[in-house]
Every structure is written in structure tokens, then in C-alpha cells.
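Note sheet for the following structure.
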Amino acid sequence: MTQPKCPLCQKVISPDDTVGSVGHGMAHVACGRPRSLSSEEHVLLYVYCWEPTPSQSAPGVSRAFDREEIGVDPFDSRAYKCRHCGADLTESIRSHLAACTMLPEQLRQRVKEAREVTQRLIKRSYVLSDRADVLIREVEAALDALNKTRERARRKRPEQ
């Protein structure tokens with residue numbers, strides 16, 4: 001199975017990765033952190049989620065963090081880590097955004113729908129890549145058969 005690759009980093013794009021459009025295709029939003037928060041998720045977190053929540057905690061850490069306690073990588077504004085254990089909090093923050101009652105229902109629903117559409121598009125691109133591979137192999141086989149037929153015909157042709 002051929003999987004679509006990010007044109008920027010040449011790594012496979014998985015349905016859980018955060019992607020954006022590049023030309024007529026898609027690429028990782030942050031190649032070094034393919035599952036990072038999208039710009040939209042990042043904005044929603046800072047606009048609506050002022051209070052600490054239990055879902056913004058690291059595995060094994062039994063308390064919630066407020067925003068000041070979540071370590072932010074200065075070179076990647078979408079990287080969130082537990083300052084206590086260094087665990088990546090991106091997925092728990094993403095889960096929080098999907099359920100946060102501080103976000104208007106319409107926004108929460110649109111974030112969820114956008115994520116689902118992106119995942120469907122990536123999965124669909126897998127199917128299309130597989131289909132393209134099959135068609136390429138069929139064309140190669142047909143060209144090989146044509147070349148063999150041409151070669152046989154050339155050998156059988158009488159010298160003039």
C-alpha cells in the first residue's frame with residue numbers, strides 16, 4: 001500500500017497528523033511534530049480555555065494544569081509539554097477542546113468536523129494512491145507485452 005507523503009519532509013502522512021493545504025496537495029503543519037495542534041486549535045485554547053482542566057494533565061499526574069504550568073516550546077508554539085514529567089500534552093489538549101464547555105457549541109462542532117474531514121481525506125488519499133499504483137503496474141505490464149510483441153514481430157520479419 002502506497003501512503004501519501006508530506007512534500008516538505010517526505011514522511012508518510014497518517015490520519016492522526018495535522019495537515020494543511022500546499023498547492024493542490026497537503027503537508028504537515030509542523031513536519032517535526034506531525035500531530036501538533038493546528039493554528040485554529042491553538043487559538044481556541046488561548047481564547048476560550050482560561051481555567052485549568054483535568055484533561056490538560058499528563059499521564060500519571062493526577063492534577064490539572066493552568067496555562068502557565070504547561071511548558072511551551074519557544075521554537076514551536078503548538079508544542080505543549082508537562083513541566084513536571086515532560087510528557088506531550090497535545091492529544092489531551094485536543095481531547096479537551098472537543099469537550100470544553102467554554103467553547104460555543106458551534107465552534108466545538110466545527111473543530112470536530114474539520115478534524116474528521118481531514119482524517120477522511122487522508123484515508124481517501126491512501127485509496128487513491130493504491131489505485132494509482134495498480135494502474136501504473138497495469139500500464140507497465142501492457143507496455144512490456146507490447147515491447148515483446150514488437151520484438152517477436154521484428155525477428156519474424158523477412159530481410160528485404
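Put a dot 7 Å past the Cα of Ala87, heading toward its Cβ, do the same for Lys123, and the two dots end up 2.8 nm apart. You can think of it this way: the chain between Lys156 and Glu140 has 3.3 nm of extra reach, that is 0.36 nm per residue less the Cα-Cα gap.
As a rough guide to protection, the peptides 98-105, 136-143 ranked by mean Cβ packing within 10 Å, highest first, stand as 98-105, 136-143.
Every read-out reported here was derived from the displayed coordinates using simple, explicitly stated rules and does not represent laboratory data. This structure is a prediction, so every number in the text was calculated from the model and none was measured. Cβ: placed from backbone, ideal geometry, glycine included. Neighbour counts: every protein chain shown.
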